[in-house]
Amino acid sequence: MEGRISAGPWRSLGSASQPEFSAALERVPAGEHEIYVRIVSPETGELLVEGDIGPVYVGDLWVLAGQSNMEGCGRLIHVEEPQPGVSCFYMGDRWDLAVEPLCWLLESPDPVHWTPLPEGMGVSEEKRKEYIRMARRDRVHGSGLGLPFGKMMLRHTGVPVGLLMVAHGGTSMSQWDAALAGEGGRSLYGAMLRVIREAGGKVRGCL
């Protein structure tokens, strides 16, 4: 298997002899890229598969932690417009363009973020999904400072920004105690560490 970034040279990524294959393109400069991948027969040189993925951004990761101001408590009126190059790792463990609101607590796989559901909705997975659908339809609050921050950083540095949303309104400092990291997704600090690991393990800073 071979890969290249944008118009760069092809690089060998290894042998794709199994149904599943993973590899990394190292030393990729910061910026917006397209990734091109192709599988070539080692015996004949015949092109077997090719495709592209993009845009893919390489830049700085910033953790959005804390309480309601970071979760986003502003009304969803005249919200900050999204901008390519400012992405969010949403609580459902997915990367996408950063669009207000950034925080969706019930989509997190970490139980610490599962706020109590309205009376009568229960706690089953199906009920949780139902509540998520209702929240996406009816939500009126949720704008915060993450997206404006990301856009300003991109404008001043030219480096793409990835926002890691881990905030949870109404929490206390004791709930963010690093001593609770061992509880994993049942503690806010442990859930934050899990998200950082999922996003690659290195961050520029924390808001």
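Overview of results
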item: Stokes-Einstein D for the chain, Kirkwood Rh over Cα pairs, 10 °C, 1.306 mPa s (µm²/s); result: 83 µm²/s
item: Rounded to whole Å, sorted largest first: equivalent-ellipsoid semi-axes of the range 55-147, Cα gyration tensor; result: 24, 15, 12
item: Solvent-accessible surface ranking, highest first, for Glu26, Glu107, Glu130 at 1.4 angstrom; result: Glu26, Glu130, Glu107
item: Mean Cβ count within 10 Å, highest first, over the residues of peptides 80-89, 179-188; result: 80-89, 179-188
item: Cα pair distances exceeding 19 angstrom across the range 3-89, given as percent; result: 58 percent
item: Of all accessible heavy-atom area on the chain, the percent that carbon and sulfur account for (1.4 Å); result: 54 percent
item: Surface per residue (accessible, 1.4 Å probe) for the range 1-88, Å²; result: 65 Å²
item: Reachable aspartates and glutamates from Lys151, criterion Cα separation under 20 angstrom, eight or more residues apart if same chain; result: Glu32, Asp60, Glu71, Glu80, Glu81, Asp96, Glu100
item: Backbone N under 16 Å from the Asp93 label point (7 Å along Cα→Cβ), restricted to the range 172-192; result: 184-187, 190-192
item: Approximate spin-label separation Ile53-Cys73, in nm, with each point projected 7 Å along Cα-to-Cβ; result: 3.9 nm
item: Of all DSSP beta bridges in the chain, antiparallel share, percent nearest 5; result: 65 percent
item: Gained length - Arg133 relative to Ala178, 0.36 nm times residue gap less alpha-carbon distance; result: 12.9 nm
item: With all protein chains modelled, accessible area of Val112 [1.4 Å, Å²]; result: 40 Å²
item: Two-site label geometry, Arg155 and Thr115: point separation in nm, points 7 Å out along Cα→Cβ; result: 3.0 nm
item: Segment Glu46-Leu207, length gained on full extension (0.36 nm per residue, minus Cα span); result: 53.0 nm
item: The range 143-189-the range 1-42 distance, computed between alpha-carbon centres (Å); result: 31 Å
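The values are calculated or read from the model by the stated rules, or taken from the named source; none is laboratory data. Computed from a prediction, not measured in an experiment: that's the story for all the values here. No Cβ is skipped: glycine too gets one built from the backbone with ideal geometry, and neighbour counts run over all protein chains shown. Just the protein is used for accessible areas: all its heavy atoms, side chains included, with ligands, DNA and RNA removed. Shrake-Rupley method; radii C 1.70, N 1.55, O 1.52, S 1.80 Å.
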